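Below you'll find the structure, written out as structure tokens, and then a few comments.
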Amino acid sequence: MSRYNFKETEAKWQKAWAEHRSFAAGDSDERPKYYVLEMFPYPSGRIHMGHVRNYTMGDVVARYKRAAGFNVLHPMGWDAFGLPAENAAMERGIHPAEWTYSNIATMRRQLQQMGLSLDWEREIATCHPGYYRHQQALFLDFLEAGLAYRRESSVNWDPVDNTVLANEQVIDGRGWRSGALIERRKLAQWFLRITAFSDELLESLATLNRWPERVRLMQENWIGRSQGASIRFSVADGATGRQLPETLEVFTTRHDTLFGMTFCALSPHHPLAAQLAAKDREIADFVAECDRLGTSEAAIEAADKRGHDTGLVVRHPFDAKRVVPLYIANFVLMEYGTGAIFGCPAHDQRDLDFARRYGLDVIPVVAPRDADPADFAVADEAFVDDGVLINSDFLDGLDVPAALRRMAERLQADGIGEATTVYRLRDWGISRQRYWGCPIPVIHCASCGVVPVPRSDLPVLLPDDVEFGKPGNPLDLHPTWKHVDCPGCGGEARRETDTMDTFVDSSWYFARFCSPRADVPTERRSVDHWLPVDQYIGGIEHAILHLLYSRFFTRAMRKAGHVSLDEPFAGLFTQGMVCHETYRDRNGKWLFPNEVEKRPDGSAIKVKDGGPVTIGRSESMSKSRKNVIDPEQIIDTYGADTARLFMLSDSPPERDLEWTDAGIDGAWRYINRLWRLVAAPGGPIAAADAPEPESFDDAASAARRLVHKTIAGVTDDLEKFRFNRAVARIRELTNMLGELTGDAADVAWVRREGLDVAVRLLGPMVPHIAEELWQRLGHESPLADTAWPDVDPALLVEETITIAVQVNGKLRGTIDLPRDADREVAEAEALELDGVKRAIEGKAPRKVVVVPNKIVNVVV
RNA sequence: GCCCGCUUGGCGAAACUGGUAGACGCAACGGACUUAAAAUCCGUUUCCCCUCGGGGAGUGCCGGUUCGAGUCCGGCAGCGGGCACCA
């Protein structure tokens, strides 16, 4: 018997599918549509195991849905702009475009080796002008619709590299590349008005019932809606008592504690703080000091609550005699609420810490229910729970929720405040001072201001002749690119040199796949046909940013008339990571798995010199830890089907998958067993068109029942993303078929039915060998065009059922009964069991619980 | 600190709405085939006790509901994730 030759077979079918355009999706088709999409890859160089897992899952869904009668759209593209291309340019002197396109070529070839049922005719790359010109058009639409705007914003500025850094690129207050101390700078930046949709983005999370609960929760927290009140205070000079023209507006969620206010505080970046700093040297110094303390988490963690008394005072709105000092405090954020707070130390821990440091009063206004209100006091811990209002005039005696309502009404009635909702979500800053991104299509003119690039001038192409390695934005440094005439007045003007955040590119690619070559961003007819994406699959790491941006973008595109829906992804599945043990040599240097030899006792040595190796815990595969396995090497050694099968076996798809050599061996052995099962079955296989026999003997009908139970089970598993369970079921089926021996006509017929079914169920998972076996089983049309097998519901019902018999809840035996046997019969047979008699020791049962077709429990 | 999730053999894991815990696989051990190895096939494998009939314990820990709990409820622990001077 010939061994399975995966190299030949896989190449053969990949060629056949491509030649027959088996996976090209037509826009006009009477079958129902199904759009399955996996998050498109960044072309970093080569595919990694995470890609293999992601795209295998997507391909199972795509092939299964196609067999189930859907017109499936399953496209692939490249998230191709980004910083690594510029780094490659700097380090190796290769142009970002060349680096990117060569990576794309490599990775496309690797994906094609996996046998994915992709429609390659729809391939897109975001760095191609054919894509980004439309993104520029969308930007202009958003600009017209008021969804894109420019404003000053404070940024992390690296003074050595002359560039803005993202928060993630600031490590311990220093630039990740230059190591320079980061400054906060005000810079004009472009923003997209995601906050215009805060409520909508929050509310419609509830409609995404095919999204993981976890992701919805994360987005909910990220949007962070808080119900509270804004309150306006009047401000006076503390020394002279003269009233200032400004009012101080604060946001609070605890307006019930207003009578416990003992100070107010401004953010160092509050306009009033800036005003004061202009006149007062000490205040200016304090604000500067706050700026020096970075915004990184570590810095915040370490920083004390610090403040500076402005000398101004704030009047209590309901007690004309009371005034409290106004501070500038480092813990008040300009980005949240109004950038100013009132401090109630008794009921807020931060305020309490601050009050203790500066010797401010602590007035409790909520007492725990079980405390004596007369001597309730707060020491080191603020009291933040519900209780009874005290020291609070018209709120006294109320509980916290009632006091919140009463205070909101009163503020409103007196015209000094109102109930307000604020969000944690902020507008999306998309300006990047980088070359390898989509140019923002505007022109700055001294007399006309910001002028959009006329649409007829799109795309604004990136120049090819740029220099890398100098600090700053290569576009800005280009000698001629930015110098243009103003489209309005014709005078000298400057092109915007910022490019867009690469998250913009991935916020609408799913829509572009519907009509990837259209000369408008989207063709309504095709987006209306294909969207929403029925099943989106990707990593949990995109739970917030990419998925939220895409939800926003879809709404913005709807406003601009490009799509007619709100939610781009009807179903979302987030898969787990692929993990591997980590290895370090005696010098602490990371080692690749193939530099390490495992020994039987579980320890490991270095292959090169036999030195000791420390085995670290299993972590997600990453180049920096070197715990990576190259997918192409696996595919070369075992074939794509084996790699795919391993990705689907054993671990549930949402959980992390531990890569093991033994696991891939196991998958490889199964592929070969399948091959032998068809090449050398336990008896004859009936012809493909043989008529169904009149009757089946017991063994044959039991076998048939398993065949149909497997169809039903696997179908259900695939619908629910339980790929590991589906693999296990199919193995049970093929194990049974391997044991099915005999030459009788009914057995030969069941063998045929079982093999056909097994091969069809395996088609989505291991498509190459399935195609080959399908052909060898005598079928003329390819498996890729074959329908999913039907279940005969009559065969799902067992005639005889094994029922567990318990005594006091403990298993004592089983009885076989015809389906739906009488309770009396079940009870009588159960009581006859030796194990039951032994266990009840002659006592009369107090009660016998009979659950038909399930269980008998004898209670003594 | 707040929010969420997870915890089942030596390992990855099954167990649909409470009803025979450990399917399917990995590893290990024993055996067959072979001059030998690889490959393949057969068997054993939750733990403990045993007179080999069987008996006891068991799904992170403590408690509860139920005829019956991996599954439901309350509390605790460990691990993982998200958010965080968010007023």
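The values are calculated or read from the model by the stated rules, or taken from the named source; none is laboratory data. For clarity, every value in this text was computed on a predicted model and none was experimentally measured. For neighbour counting, all protein chains shown are included, and Cβ atoms are generated from backbone atoms with ideal geometry for every residue, glycine included. The protein model used for the area step is the full one, side chains on, heavy atoms only, and it has no ligands, DNA or RNA in it. Shrake-Rupley method; radii C 1.70, N 1.55, O 1.52, S 1.80 Å.
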For A:HIS134, are the conditions met, namely being in contact (Cβ under 8 Å) with a residue 12 or more places away in the chain and closer than 30 Å to A:ASP161 by Cα? no
Can you pull out the residues in region A:312-340 that are within 14 Å of RNA strand B (Cβ to nearest atom), open to solvent by 30 Å² or more (accessible area, probe 1.4 Å) and in contact with a helix residue (DSSP H, G or I) (Cβ under 8 Å, 6 or more places away or on another chain)? A:ASN330, A:PHE331
Need at least 3 residues that are within 16 Å of RNA strand B (Cβ to nearest atom) per element, so show me which strands (runs of 3 or more DSSP E) inside region A:474-592 make the cut, counting only ones lying wholly within it. A:572-575, A:578-584
Okay, strands (runs of 3 or more DSSP E) sitting entirely in region A:399-461 with 1 or more residues that are open to solvent by 40 Å² or more (accessible area, probe 1.4 Å) and hydroxyl-bearing (Ser, Thr, Tyr), I get A:417-423
Which residue out of A:THR710, A:THR741 is within 14 Å of RNA strand B (Cβ to nearest atom) and either surrounded by 18 or more Cβ atoms within 10 Å (Cβ to Cβ) or within 33 Å of the chain's Cα centre (by Cα) (or both)? A:THR710
Sole residue being in a helix (DSSP H, G or I), within 15 Å of RNA strand B (Cβ to nearest atom), within 21 Å of A:PHE6 (Cβ to Cβ) and open to solvent by 30 Å² or more (accessible area, probe 1.4 Å), chosen from A:ALA662, A:ALA667, A:ALA702: A:ALA662
Across (1) among the polar types (S, T, N, Q); (2) touching a helix residue (DSSP H, G or I) at 6+ places or on another chain (Cβ under 7 Å); (3) away from RNA strand B (no atom under 12 Å from the Cβ), A:THR734 clears everything bar (3)
In this structure, is A:THR247 within 18 Å of A:THR338 (Cα to Cα), open to solvent by 80 Å² or more (accessible area, probe 1.4 Å), more than 10 Å from RNA strand B (Cβ to nearest atom) and not in a helix (DSSP H, G or I)? yes
Only one of A:ASP304, A:ASP280, A:ASP370, A:ASP380 is among the acidic types (Asp, Glu), in contact (Cβ under 8 Å) with a residue 40 or more places away in the chain and over 18 Å from A:VAL250 (Cβ atoms), namely A:ASP304
Test for A:TYR149: is it assigned to a helix (DSSP H, G or I) and surrounded by fewer than 24 Cβ atoms within 10 Å (Cβ to Cβ): no
Which residue pairs have Cβ atoms under 6 Å apart, sit 6 or more places apart or on different chains, and have a first residue in region A:1-12 that is under 15 Å from A:ALA643 (Cβ atoms) and a second that is more than 16 Å from RNA strand B (Cβ to nearest atom) and modelled with pLDDT of 95 or more? A:THR9/A:HIS768; A:THR9/A:GLU772; A:GLU10/A:ALA640; A:GLU10/A:HIS768
Which of the residues belonging to region A:670-699 are in contact with a Leu (Cβ under 8 Å, 6 or more places away or on another chain), in a loop (DSSP other than H, G, I, E, B) and within 16 Å of RNA strand B (Cβ to nearest atom)? A:PRO681, A:GLY682, A:GLY683
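Conditions (1) closer than 20 Å to A:ASN735 by Cα; (2) within 15 Å of RNA strand B (Cβ to nearest atom); (3) free of Cβ contacts under 8 Å to residues at least 40 places away in the same chain; (4) not acidic (Asp, Glu), marked per residue:
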position: A:LEU773; (1), (2), (3), (4): yes, no, no, yes
position: A:LEU795; (1), (2), (3), (4): yes, no, no, yes
position: A:GLU799; (1), (2), (3), (4): no, yes, yes, no
position: A:ALA826; (1), (2), (3), (4): no, yes, yes, yes
position: A:ASP834; (1), (2), (3), (4): no, yes, yes, no
position: A:VAL849; (1), (2), (3), (4): no, yes, yes, yes
Given (1) in a helix (DSSP H, G or I); (2) in contact (Cβ under 8 Å) with a residue 60 or more places away in the chain, A:TRP99 misses just (2)
Residue pairs meeting the criteria (Cβ under 8 Å; at least 6 apart or on separate chains; first without any contact (Cβ under 8 Å) to a residue 12 or more places away in the chain, in region A:411-428; second of a type outside the set (Ser, Thr, Tyr) and within 14 Å of RNA strand B (Cβ to nearest atom)): A:GLN412/A:ALA419
Listed residues A:HIS269, A:HIS255; which is within 9 Å of RNA strand B (Cβ to nearest atom), within 21 Å of A:GLY343 (Cβ to Cβ) and not charged (D, E, K, R)? A:HIS255
So A:GLY616 clears everything in (1) in contact (Cβ under 8 Å) with a residue 40 or more places away in the chain; (2) within 13 Å of RNA strand B (Cβ to nearest atom) except one condition, right? Which one? (1)
Does A:VAL856 meet the test of being part of a helix (DSSP H, G or I), touching a helix residue (DSSP H, G or I) at 6+ places or on another chain (Cβ under 8 Å) and either open to solvent by less than 60 Å² (accessible area, probe 1.4 Å) or within 14 Å of RNA strand B (Cβ to nearest atom) (or both)? no
Looking at the structure I just gave you, is A:GLU38 within 24 Å of the chain's Cα centre (by Cα), farther than 23 Å from A:TYR670 by Cβ and surrounded by 17 or more Cβ atoms within 10 Å (Cβ to Cβ)? yes
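Out of all the residues in region A:103-112, is one or more in contact with a Lys or Arg (Cβ under 7 Å, 6 or more places away or on another chain) and within 30 Å of A:ALA67 (Cβ to Cβ)? Give the steps one after another, and end with the answer.
Start the filter on region A:103-112 by keeping residues that are in contact with a Lys or Arg (Cβ under 7 Å, 6 or more places away or on another chain), which leaves A:106-107, A:110.
Retained after the next criterion (residues that are within 30 Å of A:ALA67 (Cβ to Cβ)): A:107, A:110.
Yes.
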Any residue that is crowded, with 20+ Cβ neighbours inside 10 Å, over 12 Å from A:GLY576 (Cβ atoms) and free of Cβ contacts under 8 Å to residues at least 40 places away in the same chain - is there at least one of those in region A:644-652? yes
Test A:ASP393 against the stated conditions and say whether it is touching a residue at least 40 places away in the same chain (Cβ under 8 Å), surrounded by fewer than 15 Cβ atoms within 10 Å (Cβ to Cβ) and more than 30 Å from A:PHE553 (Cα to Cα). yes
Considering only region A:326-342, I want to know if a residue exists there that is more than 24 Å from A:LEU276 (Cα to Cα), modelled with pLDDT of 90 or more and not in a loop (DSSP other than H, G, I, E, B). no
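For A:GLU841, are the conditions met, namely being surrounded by fewer than 19 Cβ atoms within 10 Å (Cβ to Cβ), farther than 23 Å from A:ALA702 by Cα, away from RNA strand B (no atom under 13 Å from the Cβ) and not β-branched (Val, Ile, Thr)?
In short, no.
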Is it true that A:GLU203 is within 13 Å of RNA strand B (Cβ to nearest atom), surrounded by fewer than 16 Cβ atoms within 10 Å (Cβ to Cβ) and either free of Cβ contacts under 8 Å to residues at least 24 places away in the same chain or more than 26 Å from A:TYR549 (Cα to Cα) (or both)? no
Mind checking whether some residue in region A:623-645 is aliphatic (A, V, I, L, M), assigned to a strand (DSSP E or B), within 30 Å of A:VAL533 (Cα to Cα) and touching a Gly at 6+ places or on another chain (Cβ under 6 Å)? no
